[in-house]
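Okay, so here's the structure we're looking at.
Nothing in this text is a laboratory measurement; each read-out follows from the coordinates by a stated rule. None of the values given here were measured: they were computed from a predicted structure. Neighbour counts are summed over all protein chains in view; Cβ atoms, including those assigned to glycine, are modelled from backbone coordinates with ideal geometry.
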Amino acid sequence: MTYKIISLVAFSFLLFACKKTTNVNLVDSPDTGQLKYKIVDYAGLGVPEVTVLLYKADHLLHINFLNPERAAARLKTDQNGVAAFSELSPDNYLIIADSAMSNRMTYKIREHIQVVAGIVKEKETKASDFSASLNLTIISKRDHRTPVNNFRIAAVTADPATFTGDLNELVNNSAVRGITNAQGFVTLKIPSEITCFLVFYNGDRAFFAPYPTYSFYRLENKARYSTSLYVDAFN
């Protein structure tokens, strides 16, 4: 009899424990859902103070541009990079975050997510995943044939038409840099949906890629774009 009572108590405890663990993923209201959206940098650390906007997918069918005032919800990420949304109606949402910094570069986050009633959905997103590949082949202007090797290139977001600061400092602060190989080829992984300009540099000398060549790029997420640039090699 004692054995049966102990077994029954143990079973009741396990049943209670299982329910408690399951209920961690349930929200207070069965008619709404929650979303814990975390933005991390290239090292996996949370990115704080990023404004995250949620737009209902059906709302996007009736507009030509995204007005922040029409967002279904808006929050800033906390010190851990988390934006915790509550009381969201079940729906498909577009997530937009325009100012996520990772490795000294700004990234635009655009992705869809579904919110389900009664569920806390957790999603972690790496800002630098929203990038595009820019494949460049650098060729000498002198004969339009010879590849230029050991040529240094950086991608920046400063507009050469309005930039008045120290260009060398801008290059040093850029996290997107590369050096051409023997075939004059280099790949730069640049933030997507953001206009990036190219800077050529060597030691203490730096200059924007000359206009009107293909000196600036705005590529879609995950895009791969290849082109050739004809330049004067450094003396």
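So which chymotrypsin sites (Phe, Trp or Tyr not before Pro) in region 57-141 end up in coil per DSSP with only 14 or fewer other C-beta atoms within 10 Å?
When the chymotrypsin sites (Phe, Trp or Tyr not before Pro) of region 57-141 are filtered for loop state and at most 14 Cβ neighbours within 10 Å, 65 remain.
Using the Kirkwood radius built from alpha carbon pairs, what does the Stokes-Einstein equation give as D for region 127-205 at 37 °C and 0.692 mPa s, in µm² per second?
244 µm²/s
Which entries in 38/108; 36/189; 108/222; 56/222; 126/222; 76/189 show an alpha-carbon gap greater than 22 Å?
36/189; 56/222; 76/189
I need the phi-derived Karplus couplings for region 123-129: 6.51 cos²θ - 1.76 cosθ + 1.60, θ = phi - 60°, integer Hz, Gly and Pro marked x.
Once rounded to whole Hz, the list reads 9, 10, 10, 8, 4, 6, 5.
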